[in-house]
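Encoded as structure tokens, the structure appears first; notes follow it.
Since every read-out is calculated from the coordinates, none of them should be taken as a lab result. Predicted model, so just to flag it, every value in this text is computed and none were measured. All Cβ positions, even for glycine, are placed from backbone atoms using ideal geometry, and neighbour counts span all protein chains on display.
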Amino acid sequence: MDIQVIKEIITKECAVLDIYLTAEQVDLMMHFAKLVFEANKRMNLTRITSNEEFAVKHLIDCLLLSKVGCDFKGSGIDVGSGAGFPGVVIAGCITTSPVTLLDSLEKRVNFLLQVKDKLNLTNVECVHARAEDLARDKNYREKFTWATARAVAPLPVLLEYCAAFVEVGGYFLAMKGNQNRADDEISDAKNAIKVLGLELISVYKFELPLNMGERTIIKLKKKSPISRGFPRKAGIPSRKPL
């Protein structure tokens, strides 16, 4: 890992994309990168290990959320946060509002707790739970202004995992890859969008720097309270998508 290479790519390519970071934010992301690379030697956090790919496919990919017309004010939740993409990037570079990082694997949550401490992210809460279970907790159900998820599940399944966290009037941002595949997922999710009280607002399509592929961010708004029957019990959404 060469932090200087990652820093140079972030600085140059963010300027091209009109994404503006302070020097402190860039340094914080470099510290985060070091933590991920070090922990990745002991546990499976990411298959991306090259400097260029890490800078673009992880950090810049997450920073694209700043370009989708969401101010990230009010509390938010990153569902299936994994190594902290995009939740840590959001909390460190996009908002000072509270950000909850949710993951079902305890060792990943323990890593996120270390990141929170070492980066002094006072606006972050780390929670170990399944989304299907936590979404039924009155302290988390429909309590968030926004929610995100990246590389977690196909959109019909993902919406059932996430919709219950978002308050009426709030937004869910689904981070997807290939644009044609994302379009197919949106088509497949028409029933889920209707059943879960959501409305498709916009589909943002990006080309990653250095010819590293396409990214799509799907923005939905919560229009009405979700039925108490959702999300269904663990395992059912993936086996029987809406």
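On the basis of being hydrophobic (A, V, I, L, M, F, W, C) and closer than 25 Å to GLU53 by Cβ, does LEU200 make the cut?
no
Name the helices (runs of 4 or more DSSP H) wholly inside region 166-242 in which the number of residues that are of a type in the set (Asp, Glu) and in contact (Cβ under 8 Å) with a residue 12 or more places away in the chain is 2 or more.
By residue number, 179-188.
If LEU101 satisfies every condition in (1) touching a Leu at 6+ places or on another chain (Cβ under 7 Å); (2) over 25 Å from LYS205 (Cβ atoms); (3) in a helix (DSSP H, G or I) but one, which is the exception?
Among (1) touching a Leu at 6+ places or on another chain (Cβ under 7 Å); (2) over 25 Å from LYS205 (Cβ atoms); (3) in a helix (DSSP H, G or I), the lone unmet condition for LEU101 is (3).
Would you mind finding the one in ALA33, ALA15 that is within 20 Å of ARG150 (Cα to Cα) and either part of a helix (DSSP H, G or I) or touching a residue at least 24 places away in the same chain (Cβ under 8 Å) (or both)?
Details: ALA15 fails: within 20 Å of ARG150 (Cα to Cα).
Among ALA33, ALA15, only ALA33 is within 20 Å of ARG150 (Cα to Cα) and either part of a helix (DSSP H, G or I) or touching a residue at least 24 places away in the same chain (Cβ under 8 Å) (or both).
Somewhere in region 59-75, is a residue within 24 Å of GLY169 (Cβ to Cβ), in contact (Cβ under 8 Å) with a residue 12 or more places away in the chain, of a type in the set (S, T, N, Q) and outside any loop (DSSP other than H, G, I, E, B)?
For region 59-75, residues within 24 Å of GLY169 (Cβ to Cβ), in contact (Cβ under 8 Å) with a residue 12 or more places away in the chain, of a type in the set (S, T, N, Q) and outside any loop (DSSP other than H, G, I, E, B): present.
Specify the residue that is surrounded by the most Cβ atoms within 10 Å (Cβ to Cβ); the eligible residues are those in region 168-182 that are under 19 Å from the mean Cα position of the chain (by Cα) and over 20 Å from PHE72 (Cβ atoms).
My answer is ALA182.
Let me spell it out: the conditions are (1) of a type outside the set (Asp, Glu); (2) within 19 Å of THR22 (Cβ to Cβ); (3) touching a residue at least 40 places away in the same chain (Cβ under 8 Å), and GLY84 meets all of them except one. Which number is the exception?
Answer for GLY84: the failing condition is (2).
Of all the residues that make up region 84-122, how many are exposed (fewer than 15 other Cβ atoms within 10 Å of the Cβ) and either under 15 Å from the mean Cα position of the chain (by Cα) or β-branched (Val, Ile, Thr) (or both)?
Total meeting the criteria: 2.
Where the second residue is among the small types (Gly, Ala, Ser) and the first is closer than 18 Å to ILE94 by Cα and lies in region 117-130, which pairs have Cβ atoms under 7 Å and are six or more apart or on separate chains?
Close Cβ pairs (under 7 Å, with a partner that is among the small types (Gly, Ala, Ser)) amount to LEU119/GLY92; LEU121/ALA91; LEU121/GLY92; ASN123/ALA91; ASN123/SER97; VAL124/ALA91.
What are the residues in region 194-242 that are crowded, with 19+ Cβ neighbours inside 10 Å, touching a strand residue (DSSP E or B) at 6+ places or on another chain (Cβ under 6 Å) and of a type in the set (A, V, I, L, M), if any?
Once the filter is applied, which keeps residues that are crowded, with 19+ Cβ neighbours inside 10 Å, touching a strand residue (DSSP E or B) at 6+ places or on another chain (Cβ under 6 Å) and of a type in the set (A, V, I, L, M), region 194-242 yields LEU198, ILE217, ILE218, LEU220.
Sort out which residues of region 10-49 are of a type in the set (S, T, N, Q) and closer than 24 Å to VAL109 by Cα, and write them in order of number.
GLN25, ASN40, ASN44, THR46, THR49
Condition test on ALA135, is it more than 15 Å from the chain's Cα centre (by Cα), of a type in the set (Gly, Ala, Ser), more than 21 Å from GLY170 (Cβ to Cβ) and buried (at least 16 other Cβ atoms within 10 Å of the Cβ)?
Answer is no for this residue.
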